[in-house]
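Here is the structure we will look at.
Where a number appears in this text, it was derived from the coordinates with a stated rule and is not lab data. All values reported here derive from a predicted model rather than from experimental measurement. Every residue, glycine among them, receives a Cβ derived from its backbone with ideal geometry; neighbour counts consider all protein chains shown.
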Amino acid sequence: MLKKHKSLFKALSFLCILSLILSLVPPAGIWQTVKADDINLYNGGYDSYNGKDRSYWMQQAGFKSEEINTYKSIKVNGKDEYFNCEIYAERRMVVYGTPWDVPDNNFVWNFKEDPNGYFHKNRDGTGPRGWFRYAGYTMNGDLFPDKEFPNDGDGTQPVEYANILTWSEIRQLDNFTKSKLAVADYDPSKVASYQWETVMEIKI
C-alpha cells in the first residue's frame with residue numbers, strides 16, 4: 001500500500017514539474033500571433049496576414065473579385081512579385097514584392113538604421129531595424145518609394161553619395177548612375193600618388 005502511495009506521489013510530482021516547465025514556454029502558435037499583431041515591424045506576412053490570405057487583403061485594398069487573379073502578381077525583370085499582404089494590412093500601401101527584392105536597396109545609402117524602423121536589414125529578420133528607400137514595387141512595376149525613409153539631407157548641402165561608396169559598389173553601378181554620381185571614370189588603380197596627396201591636402 002505504501003509503495004502505491006509513493007508511486008502516485010512521484011507521478012503527481014512529475015506532472016507538476018512538467019506543467020511548470022510548459023507554462024514557461026509559450027506554444028509556437030501563440031508566439032506567431034503576437035508577432036503578427038506587431039504592426040510596427042514587418043514579420044514576413046507576404047502571402048497571408050493574421051490568418052487571411054492574399055485574396056482577402058486585395059479585396060480590402062479595393063480590388064474586385066474578378067481582378068484578383070490578374071493583379072495578384074506582376075513581372076519585374078522576369079520575376080513574379082506578389083501583392084504584399086502585411087505591408088497593406090499594417091501600412092495601407094499597395095506594394096508588390098519586398099524591399100529585399102529591389103536591387104537598388106543593396107546600396108549602402110538606401111537603408112538607414114532606426115531603432116523604430118519597420119524592416120530588419122536582412123530578409124531573415126536579423127540585423128538592425130531601419131527603413132529602405134524602396135518598399136518594393138508599384139502595380140506598374142516601378143519602384144515604390146517608402147514615405148518614411150529619412151531625408152538624405154537638410155537641403156542646405158548637396159548629397160555626395162560617392163563619398164560613402166566602396167570601389168566594389170561603384171563597379172556594380174550602371175553607366176547612367178555612375179554619370180549622375182560623377183564617378184563615371186573613377187578607377188582608384190589609375191589615380192597617381194601625387195593626385196592622392198592633392199586629395200588629402202584638400203580634405204585637411
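Here are the numbers:
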{"quantity": "Centre separation in Å (Cα based) which lies between region 82-104 and region 109-146", "calculated": "9"}
{"quantity": "Exposure proxy ranking, count of Cβ atoms within 10 Å, fewest first, for THR126, THR138", "calculated": "THR126, THR138"}
{"quantity": "Sorted by Cβ neighbour density within 10 Å, fewest at the top, the residues GLU90, GLU148, GLU66", "calculated": "GLU66, GLU148, GLU90"}
{"quantity": "Estimated translational D of region 32-145 in µm²/s (Stokes, Kirkwood radius over Cα pairs; 20 °C; 1.002 mPa s)", "calculated": "149"}
{"quantity": "Ranked VAL95, VAL102, VAL76, VAL108, criterion: other C-beta atoms within 10 Å, fewest first", "calculated": "VAL108, VAL76, VAL102, VAL95"}
{"quantity": "Leading residue at positive end of dipole, region 47-160 (Cβ point charges), from GLN60, PHE111, ASN140", "calculated": "GLN60"}
